[in-house]
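Enquirer: My questions will all concern the structure given below.
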Amino acid sequence: MPGDPVPTADAAKAIGVDRRTLQRWVSQGRIEPTLTTAGGHHRWDIDDLKRQLREMNRR
């Protein structure tokens, strides 16, 4: 179903970075995932992620 949050690897691919880069940005508090599963895995809304990146780049 379109619009469902995607795993970190898919989100990273969508924005052209390595998944470890996305994980590092989360641990640094620079961006926030759409949700985190009970197992600790992040899920991402691509549009929201792109918005966060635009804001991050403005800082």
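The values are calculated or read from the model by the stated rules, or taken from the named source; none is laboratory data. Bear in mind that the values here come from a model prediction, so they are computed numbers and not experimental data. Note that each Cβ is placed from the backbone with ideal geometry, even for glycine, and that neighbours are counted across all protein chains shown. Protein only, heavy atoms only, side chains kept; ligands, DNA and RNA dropped before computing areas. Shrake-Rupley method; radii C 1.70, N 1.55, O 1.52, S 1.80 Å.
Enquirer: Quick one: which of 23, 28, 52 is free of Cβ contacts under 8 Å to residues at least 40 places away in the same chain, within 12 Å of the chain's Cα centre (by Cα) and open to solvent by 70 Å² or more (accessible area, probe 1.4 Å)?
Expert: Step by step, each of 23, 28, 52 is checked, and only 23 is free of Cβ contacts under 8 Å to residues at least 40 places away in the same chain, within 12 Å of the chain's Cα centre (by Cα) and open to solvent by 70 Å² or more (accessible area, probe 1.4 Å).
Enquirer: Could you tell me whether residue 4 is among the acidic types (Asp, Glu) and at pLDDT 95 or above?
Expert: Answer is no for this residue.
Enquirer: Also, I was wondering about something else. Would you be able to tell me the number of residues in the range 1-14 that are open to solvent by less than 40 Å² (accessible area, probe 1.4 Å) and either of a type outside the set (S, T, N, Q) or farther than 12 Å from residue 49 by Cα (or both)?
Expert: Summing the residues that are open to solvent by less than 40 Å² (accessible area, probe 1.4 Å) and either of a type outside the set (S, T, N, Q) or farther than 12 Å from residue 49 by Cα (or both) in the range 1-14 gives 3.
Enquirer: Filter the range 31-45 down to the residues that are of a type in the set (A, V, I, L, M, F, W, C) and either in contact with a strand residue (DSSP E or B) (Cβ under 8 Å, 6 or more places away or on another chain) or not in a loop (DSSP other than H, G, I, E, B) (or both), then identify the one that is least open to solvent (accessible area, probe 1.4 Å).
Expert: Of everything passing the filter in the range 31-45, 44 is least open to solvent (accessible area, probe 1.4 Å).
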